[in-house]
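Trainee: This is the structure I want to talk about, given as structure tokens.
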Amino acid sequence: FTIHGQRWPYRNLTWSLRTNQPSGLETGGVRLELSKALDLWARNSKLTFQEVNSDRADILVYFHRGSHGDGYPFDGRGQILAHAFFPGKDRGGDAHFDEEEIWYLQDSSNEEGTSLFAVAAHEFGHSLGLAHSSVQGALMYPWYQGLSPNYELPEDDRHGIQQMYGAPEEKLWGNIPGGVFPPERPTPPTTTTTTTTTLATTYRPWRTRPTRPNHYPDYGRPRRPDRYPSKPDYRTERPDYRPQRPHKPHRHHTTTLPAITTTTVRPTISQRPRFRWTQSPRNDVPDKCDTSYDAISIIRREVFIFKGRYLWRIGDKGLYEGYPAEITRLFNLPEDIDHVDAVYERPDKKIVFFIGKKYYVFSANNLESGYPKPLTNLGLPASLEKIDGAMVWGHNSRTYFFSGSMYWRFDECVNYVELDYPRDISSNFGGVGNDIDAVFQWKDGKTYFFKGKGFWLFDDLRMKVAHEKQKLSAPFWMGCPRK
Amino acid sequence: ASPSSSMIYADDKVQSYLTKFGYLPESNPETGNLRTEDQLRDAIRNLQRFSGIPVTGEIDDATRKLMKARRCGLSDRQNPRYSRTRRKR
């Protein structure tokens with residue numbers, strides 16, 4: 001067995017299924033399988049697991065298909081079944097299952113497909129801190145083996161989990177090296193909560209969920225100071241519990257991320273006339289079929305294309321009507337900005353705008369306090385006049401900034417460019433050239449570079465453009481005629 | 001590779017698999033597609049060793065079959081991409 005190196009700082013962990021009817025399966029059955037998979041680990045260690053209905057649980061379980069925002073897209077039926085994150089902050093502990101697999105529950109008669117119990121048991125091993133084992137037959141062996149209904153944890157995995165969290169009191173298996181095992185998380189003190197209807201703008205760590213009917217036990221457990229830092233703000237509630245207020249920002253609790261919609265524009269501009277996207281006091285509206293782009297990025301699963309003071313949005317059904325719109329109608333940027341240089345959505349779903357020597361960080365439509373900040377805060381040189389492009393590269397989920405002939409890799413964990421950078425664009429991103437206009441990773445996980453009125457698809461494996469000759473942007477991205 | 005050894009051909013899918021699961025270094029794509037024959041052969045050997053199939057250093061039938069088998073999406077080698085832990089440079 002191999003221990004990844006991180007373990008939970010306490011033994012009583014919480015988990016929560018965050019997808020309704022995954023793969024068309026009955027939710028109760030799925031929860032039962034997940035529960036049994038966790039129990040396998042609980043029976044062989046000091047760990048306990050409590051199911052809760054909260055996106056603040058230690059282990060969040062999702063069923064996703066294709067690209068799902070963590071940079072590790074699923075591949076449809078077959079091969080990659082699931083993945084999970086080792087203990088830690090942010091996504092730490094979370095388990096993601098490929099919704100497109102044919103999952104079967106243990107009690108079902110149809111056993112063609114993949115056993116959810118078997119895969120969940122394996123993935124939860126990662127959630128607890130175990131890496132892959134080369135021992136065939138071990139649960140943490142990376143290739144799917146299937147499990148019998150009365151499966152018992154193999155010795156290899158048992159040693160692994162007990163080294164991290166100790167053996168259960170009543171069962172001591174073999175000679176596990178002694179150690180200091182994580183303590184029980186203390187029971188939260190009794191707290192009187194006051195129900196209020198006042199709109200609060202701050203996070204409520206002690207909130208309870210008194211009104212939502214659900215099949216889960218009550219969850220009043222706050223996030224403890226002795227645990228990993230809070231899950232990031234972008235996590236959303238179960239869709240079936242979301243109040244039906246689709247056109248208003250979720251203002252009483254900022255941990256829910258509002259979609260970028262025209263009606264969630266910051267309240268401070270509510271005094272403006274209603275939006276009339278196509279009418280502008282200035283005659284500088286770009287022609288979508290005959291223009292270059294300043295910046296392009298996927299934000300909340302939509303493509304945002306920026307040019308001058310304007311932006312277009314492209315959703316699943318194509319280009320939105322009524323655009324281009326002024327950028328400042330959606331994002332609380334200074335009124336006098338006449339362009340943005342680069343935009344990207346951070347892994348924590350915050351949106352970063354680069355304008356000249358400064359950058360702005362938005363949580364949904366709202367500018368975070370303290371911004372703009374100088375590029376030098378990110379470790380970029382003071383001599384840098386602007387960023388040409390920013391992207392999270394699908395190939396390795398790292399963030400890259402481009403400017404002139406150079407690029408930097410950016411460490412999101414420490415909010416600073418990495419050592420050894422900048423590097424020369426031409427030497428590593430073949431065929432792209434200098435002074436790009438924009439770059440982004442599209443929904444297909446591939447990278448696209450833009451310059452002038454054209455673009456290149458980039459071959460991430462060969463590290464060069466997939467086609468030396470540029471393709472015209474307007475027909476491809478804006479649906480314009482080819483001529 | 002020694003002159004006597006036969007060249008190994010690993011297409012994009014194989015290279016992608018080896019990289020994805022930690023047998024080829026992730027930093028390679030960024031420094032160009034200049035993987036050496038030895039690097040590829042070592043990666044294949046390591047994959048074969050880890051999975052418990054015969055270690056030939058070749059992309060043989062058993063290896064091809066293994067690469068098509070259902071599996072977990074995490075890397076087989078210690079790989080920081082699924083961890084938020086900083087590592088000493």
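Trainee: I'd like the residue in region A:68-84 that is at pLDDT 85 or above and crowded, with 17+ Cβ neighbours inside 10 Å and, out of all such residues, is nearest to A:Arg301 (Cα to Cα).
Mentor: Per the criteria, the residue is A:Pro73.
Trainee: Related question: Taking strands (runs of 3 or more DSSP E) that fall entirely within region A:232-334, which contain at least 3 residues that are modelled with pLDDT of 50 or more and under 30 Å from A:Cys413 (Cβ atoms)? Spell out how you get there, then give the answer.
Mentor: On the way: elements: A:295-299, A:302-307, A:310-315.
Ranges flagged: A:295-299, A:302-307.
Trainee: Of the residues in region A:32-61, how many are without any contact (Cβ under 8 Å) to a residue 60 or more places away in the chain, buried (at least 18 other Cβ atoms within 10 Å of the Cβ) and not aliphatic (A, V, I, L, M)?
Mentor: Qualifying residue count for the region: 1.
Trainee: Give the residues of region A:153-168 that are under 16 Å from A:Pro9 (Cβ atoms) and surrounded by fewer than 20 Cβ atoms within 10 Å (Cβ to Cβ), sorted by residue number.
Mentor: A:Gly166
Trainee: Let me ask something additional. Check region A:72-88 and report whether any residue there is free of Cβ contacts under 8 Å to residues at least 40 places away in the same chain, in a strand (DSSP E or B) and closer than 30 Å to A:Met391 by Cβ.
Mentor: yes
Trainee: Tell me, which residue of region A:426-448 that is buried (at least 22 other Cβ atoms within 10 Å of the Cβ) and of a type in the set (S, T, N, Q) is modelled with the highest pLDDT?
Mentor: Result: A:Thr447.
Trainee: Still on this structure: Go through A:Lys451, A:Lys386, A:Lys469, A:Lys464 for me and flag whichever is charged (D, E, K, R) and exposed (fewer than 15 other Cβ atoms within 10 Å of the Cβ). Walk me through how you get there before you give the answer.
Mentor: Values: A:Lys451 fails: exposed (fewer than 15 other Cβ atoms within 10 Å of the Cβ); A:Lys386 fails: exposed (fewer than 15 other Cβ atoms within 10 Å of the Cβ); A:Lys464 fails: exposed (fewer than 15 other Cβ atoms within 10 Å of the Cβ).
Selected residue: A:Lys469, the only one of A:Lys451, A:Lys386, A:Lys469, A:Lys464 that is charged (D, E, K, R) and exposed (fewer than 15 other Cβ atoms within 10 Å of the Cβ).
Trainee: Let me ask something else about it. Taking A:Gly93 as the residue in question, decide whether it is within 10 Å of another protein chain (Cβ to nearest Cβ), under 27 Å from the mean Cα position of the chain (by Cα) and more than 27 Å from B:Arg45 (Cβ to Cβ). Before you say what the answer is, go through the steps one by one.
Mentor: On the way: within 10 Å of another protein chain (Cβ to nearest Cβ): no; under 27 Å from the mean Cα position of the chain (by Cα): yes; more than 27 Å from B:Arg45 (Cβ to Cβ): yes.
Judged against the criteria, A:Gly93 is not a match.
Trainee: Here is a follow-up. For region A:371-483, which strands (runs of 3 or more DSSP E) that fit wholly inside it have 3 or more residues that are within 14 Å of another protein chain (Cβ to nearest Cβ) and within 29 Å of the chain's Cα centre (by Cα)? Lay out the reasoning, then the answer.
Mentor: On the way: elements: A:389-392, A:399-403, A:406-411, A:438-441, A:447-451, A:454-459.
Ranges flagged: A:399-403, A:406-411.
The values are calculated or read from the model by the stated rules, or taken from the named source; none is laboratory data. If you're wondering where the values come from, they're calculated on a predicted model, not measured in any experiment. No Cβ is skipped: glycine too gets one built from the backbone with ideal geometry, and neighbour counts run over all protein chains shown.
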